[in-house]
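*Asks:* Next up is a structure, given as structure tokens.
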Amino acid sequence: MQTKAAITFGVGKPFEIHSIQVAPVQSDEIRIKMVASGVCHTDAVARDLEGVFPLPGILGHEGSGIVEAVGAGVNTVQVGDHVVLSFANCHRCDHCLSGHPTVCAEFNPLNFGGFLEGGHTPYSLNDQPLSIFFGQSSFSQTVVTKADNVVVVDKDVDLALLGPLGCGIQTGAGTVLNRLRPKANEGIVVFGAGAVGLSAIMAAKVVGCYPIIAVDVHDHRLELAKELGATHLMNGKTDEVVAEIHALTRIGTPYAVETTGVPVVVKQALAAIKPLGTVAIVGFTGDVTLNIQTELMAEGKSMIGVIEGDSIPKIFIPQLISLYKQGKFPFDRLVQFYELEQINQAFEDSASGAVIKPILRMEDSSL
């Protein structure tokens, strides 16, 4: 069948909308009519950095839609189900079987290798194969993926809102709720008040953390952070952020979440926590120079990497939806909608900080 998709033809190239071919589903696959897809920083990384993702291909990994066909071997998903798509994993390695699929032994090839497990891609343009991203490629109006890679969700929630739960929002919230697991009245500082950071702040509020400190360079994001649960706001443009955190807490916070990937901010996050504290690194981060003795070991501090919020999507995404329905996790405050044809503008607005979480609405896939 044919559908429309936003294709990335080369590193740093703008997205182009084309009519593509989508292969029939195989035994363990499903076909989804996409309703919407979030725009995530990881998509920009895969587009702009050489060697991250084989091109040409279709990016997008925060999809939501309605199942319209299932393979002969699928019995966990039905036609008509509302689903959120998340990352791909093998479901059989030690980490997957022990409840940590975000560090699946096959995570990188399954999500960044360009193929579904088994070595094929369902997408092509004029007989040229197009690489699949995160086992889904949600910047397509029709998606074929493994049935195990989707989460069936309630039909009484606006499906167009739910795609970002598959990556960015579950990353921020899961880092707090699944990995750091702070207790009520324990403090946390979140560096970066984008979609991931604000999700961490909302999760910290659910727990009852205090103080909840938001650090960002955009005043409008800090104001939103306050509305969503931050108790204290600090502008990251000043060199006194660490001193201000220590002045507020006397010794530093037990926990920090670093979402920016900026080396100087990573070092600030490590300096902001108290002895025996933990910094969770969730942003795409390059080289950072540390004095391990003075900045880490001497005070028993921990710096950990957290992928996708250490989440089990089939468990965690419904939990976040439940919190949203209770009014405790208002992630809808983060989003702004765009049409698929506005995808390049959506990425520009995300990069500039003008919009926190762009979501692309997908039109009818029939051509």
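*Asks:* Is segment 163-293 best put as rounded, prolate or oblate by its Cα gyration tensor, with a ≥ b ≥ c the root eigenvalues, rounded for a/c under 1.5, and otherwise prolate when a/b is larger than b/c, oblate when not?
*Replies:* Rounded.
*Asks:* Report the local net charge at ILE17: Lys and Arg +1, Asp and Glu -1, summed over other residues whose C-beta lies under 11 Å from its C-beta.
*Replies:* Cβ neighbours under 11 Å give a net charge of -3.
*Asks:* Whole Å is fine, so just give me how far the alpha carbon centre of segment 159-221 lies from that of segment 270-330.
*Replies:* One Cα centre to the other: 10 Å.
*Asks:* Using a cut-off of 9 Å between beta-carbons, work out the net charge of the residues near ILE356 (Lys and Arg +1, Asp and Glu -1, ILE356 not included).
*Replies:* Result for the local shell: +3.
*Asks:* Could you work out the pair-distance distribution P(r) of the chain from its alpha-carbon pairs, with 20 angstrom bin width and percents rounded to whole numbers?
*Replies:* 31, 56, 12, 0
*Asks:* Let me ask something else about it. Which pairs break 18 Å Cα to Cα here: LYS146/LYS314; LYS226/LYS301; LYS146/LYS357; LYS274/LYS301; LYS226/LYS328; LYS33/LYS146?
*Replies:* Result: LYS226/LYS301; LYS146/LYS357 exceed 18 Å.
*Asks:* Does segment 47-133 come out rounded, prolate or oblate by the C-alpha gyration tensor, with a ≥ b ≥ c the root eigenvalues, rounded set by a/c under 1.5 and, if not, prolate when a/b is larger than b/c and oblate if not?
*Replies:* Judged from the Cα gyration tensor, segment 47-133 comes out oblate (a/c at least 1.5, b/c at or above a/b).
*Asks:* Sorted by packing (mean other beta-carbon atoms within 10 Å per residue), highest first, where do 134-147, 63-76 land?
*Replies:* So the order, starting with the most tightly packed, is 134-147, 63-76.
*Asks:* Check cross-link reach from LYS183 to the aspartates and glutamates: straight Cα distance under 20 Å, and skip same-chain residues fewer than eight apart.
*Replies:* Leaving aside aspartates and glutamates fewer than 8 places away in the same chain, those within reach of LYS183 are GLU258, ASP310.
*Asks:* Just to check I understand the Karplus step: with θ = phi - 60° and J = 6.51 cos²θ - 1.76 cosθ + 1.60, what whole-Hz values come out for segment 289-305, glycine and proline as x?
*Replies:* 8, 10, 8, 4, 5, 7, 8, 10, 5, 4, 10, x, 7, 10, 10, 10, x
*Asks:* Apply the membrane-span-like helix rule to the chain: whole DSSP H runs, Cα extent along the own long axis of at least 15 Å, mean Kyte-Doolittle hydropathy at least 1.6. List the helices found.
*Replies:* Numbers: long enough: 195-207 (18 Å, 1.92); 313-325 (17 Å, 0.56).
In the chain, the long hydrophobic H runs are 195-207.
*Asks:* By the scheme Lys and Arg +1, Asp and Glu -1, what is the net charge of all other residues having a beta-carbon under 15 Å from that of PHE107?
*Replies:* Result for the neighbourhood of PHE107: -4.
*Asks:* Return the distance in nm (one decimal) between the two label points of a simple spin-label model at ALA184 and GLU16, each offset 7 Å from Cα along Cα→Cβ.
*Replies:* That separation, rounded to one decimal, is 5.8 nm.
*Asks:* What is the dipole size for segment 172-307, taken about its Cα centre, with +1 at each Lys and Arg Cβ and -1 at each Asp and Glu Cβ, in debye to the nearest 20?
*Replies:* It works out to roughly 440 debye.
*Asks:* Size of the dipole of the chain about the Cα centre, Lys and Arg at +1 and Asp and Glu at -1 on the beta carbon, nothing else charged, in debye to 20?
*Replies:* Details: 25 positive and 38 negative charges, 180 e Å.
Dipole about the Cα centre, nearest 20: 860 debye.
*Asks:* Using 7 Å Cα-to-Cβ label points, what is the HIS95/ALA243 separation (nm, one decimal)?
*Replies:* Once both label points are built, they end up 4.1 nm from each other.
*Asks:* Using the crude model of +1 on Lys and Arg Cβ and -1 on Asp and Glu Cβ, and no other charge, please compute the dipole size for segment 193-255 relative to its Cα centre, in debye to 20.
*Replies:* Once rounded to the nearest 20, the dipole reads 220 debye.
*Asks:* Considering only THR249, THR294, THR102, give the residue with the highest GNM mean-square fluctuation for the chain, with springs between Cα atoms whenever their separation is below 10 Å.
*Replies:* With Cα springs under 10 Å in the chain, the top fluctuation among THR249, THR294, THR102 is at THR294.
Every read-out reported here was derived from the displayed coordinates using simple, explicitly stated rules and does not represent laboratory data. Keep in mind that what you see is a predicted model, and the values were worked out from it rather than measured. Quick reminder, even Gly has a Cβ in these numbers, built from the backbone with ideal geometry, and neighbours come from all protein chains shown.
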